[in-house]
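*Asks:* Have a look at this one.
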Amino acid sequence: MPSTPPSLPQHAAVIALLSPARISPYLTACSGKQDQALSLYRWNSAIAAAFFEDLGHLEVMLRNALDQRLVLRQQRRNSWQEWFDDPALPLAPRARTDIREARRRASMTGATTPRGKIIAELSFGFWRFLLARQYQTTLWPDLARAFPNAPRRALTLVEDPVKRLHKLRNRIAHHESIWDQDLAGRRNDVHNLLAYLDHDAAAWVASASRVDTVLSQRP
C-alpha cells in the first residue's frame with residue numbers, strides 16, 4: 001500500500017510563525033491571497049541568497065583593493081606603520097573604533113594577530129564609510145586608484161553604488177524584504193563596481209551569479 005504523501009503546511013500556521021506583521025506587505029502585494037504571498041516570501045529569500053553570494057565576492061575584493069591602496073599610500077609617505085595603526089591617517093573617530101573592535105575580534109583567535117585577519121574583521125560598513133565624501137580631499141586621491149577601469153575619478157561614481165549595496169546587504173542580513181527594491185539596479189551596481197576594480201573579476205563573479213536566473217523566476 002503506497003504511503004500517504006505528507007500534507008502541505010497550513011498557510012495560517014506558517015503565517016503565524018513568520019508573524020502576520022511580517023507577511024502583511026506580501027499579502028497586500030498579492031491582494032490578500034495567502035498562497036501567493038507565501039510564494040513571494042519564499043522567492044524573496046531566494047533572491048536575497050543569490051545577491052548575498054555576489055555581495056560577498058564584492059565585499060572581499062573591494063576591501064582588499066582598498067587595503068592595497070592604503071598600504072601603498074603608507075609606503076609613498078615613508079611610513080613604517082600599518083595604515084590602520086597610523087594616528088596620522090585622517091580617519092574619523094568611528095573608523096578608529098571599528099578598527100579597535102576588529103583587532104579585538106581578530107586577537108581572540110590566537111596569540112598573534114595576522115594583519116589579514118584584522119582586515120577581514122572590518123565590516124562592509126567600514127569600507128563604505130571610507131568612501132564617504134568627508135575623505136574627498138584626503139584619502140580618495142589614493143583610493144581612487146583602486147578603480148582603474150572607472151570612467152572618471154569622481155568619488156560619487158563609487159560612493160553612491162556602495163551606499164546602495166550596503167543598505168541592501170543590511171536588509172538581507174536582517175532577513176528583511178527586498179522584493180520591492182530596484183533589484184535590477186542593484187545587480188548593475190555589483191557588476192559595475194567589480195568592473196571598475198577589474199574586468200576579469202567582474203566576469204568571474206558574473207559567470208556563477210544566480211541573480212538573473214532567480215529574478216526571472218519571480219512569482
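The values are calculated or read from the model by the stated rules, or taken from the named source; none is laboratory data. This structure is a prediction, so every number in the text was calculated from the model and none was measured. Neighbour counts are summed over all protein chains in view; Cβ atoms, including those assigned to glycine, are modelled from backbone coordinates with ideal geometry. Note: accessible area is taken over every heavy atom of the protein model, side chains too, but ligands, DNA and RNA are not part of it. Shrake-Rupley method; radii C 1.70, N 1.55, O 1.52, S 1.80 Å.
*Asks:* How about the range 120-219: which GluC sites (Glu not before Pro) there lie in a loop by DSSP and see at most 13 other Cβ atoms within 10 Å?
*Replies:* E176
*Asks:* Turning to a different aspect of this structure: Using a 1.4 Å probe on the protein heavy atoms only, what accessible surface does H175 show? Give it in Å² to the nearest 10.
*Replies:* 130 Å²
*Asks:* With each run of n ≥ 4 DSSP H residues scored as -39500 (n - 2.57), what mean residue ellipticity at 222 nm is computed for the chain after dividing by its residue count and rounding to the nearest 500 deg cm²/dmol?
*Replies:* -20500 deg cm²/dmol
*Asks:* Suppose every Lys and Arg Cβ carries +1 and every Asp and Glu Cβ carries -1, with no other charges. What dipole size does the range 1-98 come out with about its Cα centre, to the nearest 20 debye?
*Replies:* 240 debye
*Asks:* Is the shape of the range 99-183 rounded, prolate or oblate, going by the alpha carbon gyration tensor and its root eigenvalues a ≥ b ≥ c, with a/c under 1.5 for rounded and a/b larger than b/c for prolate?
*Replies:* oblate
*Asks:* Let me ask another. Per residue, how much accessible surface does the range 1-149 expose to a 1.4 Å probe? Answer in Å², no decimals.
*Replies:* Per residue, the range 1-149 has 58 Å² of solvent-accessible surface.
*Asks:* Continuing with the same structure: Which one of A150, F84, A206 is farthest out on the positive end of the charge dipole of the chain, using unit charges on Cβ (Lys, Arg +1; Asp, Glu -1) and the Cα centre as origin?
*Replies:* The residue sitting most towards the positive pole is F84.
*Asks:* If you don't mind, there's one more thing I want to ask. As I understand it, the dipole of the chain uses +1 on the Cβ of Lys and Arg and -1 on the Cβ of Asp and Glu, about the Cα centre. Which of A46, P20, F126 lies farthest toward its positive end?
*Replies:* Among A46, P20, F126, the one farthest towards the positive end of the dipole of the chain is F126.
*Asks:* Suppose every K and R has +1 on its Cβ and every D and E has -1 on its Cβ; what is the size of the dipole of the range 115-174 about the Cα centre, in Debye to the nearest 20?
*Replies:* Its charge dipole is roughly 140 debye.
*Asks:* Taking the Cα centre of the chain as the origin, how large is its charge dipole in debye, to the nearest 20, when only Lys and Arg (+1) and Asp and Glu (-1) carry charge on their Cβ atoms?
*Replies:* The calculation lands at about 520 debye.
*Asks:* Restricting to DSSP loop positions (anything but H, G, I, E, B) with no more than 12 other Cβ atoms inside 10 Å of their own Cβ, which trypsin sites (Lys or Arg not before Pro) remain in the range 78-167?
*Replies:* R152, R153
*Asks:* Could I ask something else about it? On C-alpha positions alone, give me the angle between the axis of helix 93-107 and the longest principal axis of the chain, in degrees, nearest 10.
*Replies:* The angle comes out at about 80 degrees.
*Asks:* Using alpha-carbon pairs under 8 Å, 6+ residues apart, how would you state the relative contact order of the chain in percent?
*Replies:* On the way: 156 pairs, mean separation 59.8, N = 219.
It rounds to 27 percent for the chain.
*Asks:* For the chain, modelled as a GNM with alpha-carbon contacts under 10 angstrom, which of S39, S19, S209 fluctuates the most?
*Replies:* S19
*Asks:* Name the most mobile residue of A206, A12, A102, meaning the one with the largest mean-square fluctuation, in a Gaussian network model of the chain with Cα contacts below 10 Å.
*Replies:* Greatest mean-square fluctuation among the candidates belongs to A12.
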